[in-house]
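Below is one structure, written out as structure tokens; the observations come after it.
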Amino acid sequence: MGTWGSGNFESDAALDHLSIVVDRLVTEVAEAMAGDPVALEPDEYWGVAVPCHLELLHVLAQAGYADDDLPEPGVVEEWKKTFMAVWERTIDNLQPSPTFKEERRSVLHRTFDQLADAARQS
């Protein structure tokens, strides 16, 4: 294994670890999207964790650490359709304020779109 600098990701071992982390994020999102839609509802674990995973993937891609391991843009777009359909169908059950609902919808769209854009650029 080689080391070429003092940075946290400047060694083969660090990049191997990073690859494992990125793969885990992508795999968990893929599994959540293929699983029971109830798990994607806004007050369920994956309804919260999926956008977090996507945001982390985007941050890593922006830093130049995940470009090669991102899902295809079309996959992210399908995830968005699946996720947002569940969200739209169930969010009113939680009785959010209209302002929160609009702001959260915007954040969710941005989260999926920015990852799809990053995947297109990789």
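Read-outs throughout are calculated quantities, based only on the coordinates presented, and are distinct from any laboratory measurement. Given the structure is predicted, the values throughout are model-derived calculations rather than measurements. Cβ placement follows ideal geometry from the backbone for every residue including glycine, while neighbour counts extend to all protein chains displayed.
Quick notes on this one:
- Residue check: Ala14 meets all listed conditions (1) under 21 Å from Phe83 (Cβ atoms); (2) surrounded by 15 or more Cβ atoms within 10 Å (Cβ to Cβ) but one, namely (1).
- So Leu40, is it in contact (Cβ under 8 Å) with a residue 60 or more places away in the chain and either out of contact with any Pro (no Cβ under 9 Å at 6 or more places or on another chain) or of a type outside the set (A, V, I, L, M, F, W, C) (or both): no
- The criterion of being more than 30 Å from Pro98 (Cα to Cα) and either among the hydroxyl-bearing types (Ser, Thr, Tyr) or without any contact (Cβ under 8 Å) to a residue 12 or more places away in the chain (or both) holds for Glu31.
Conditions tested, residue by residue: (1) loosely packed, with under 15 Cβ neighbours inside 10 Å; (2) farther than 25 Å from Arg120 by Cβ; (3) free of Cβ contacts under 8 Å to residues at least 12 places away in the same chain.
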position	(1), (2), (3)
Tyr65	no, no, no
Glu72	yes, no, no
Val76	no, no, no
Gln95	yes, yes, yes
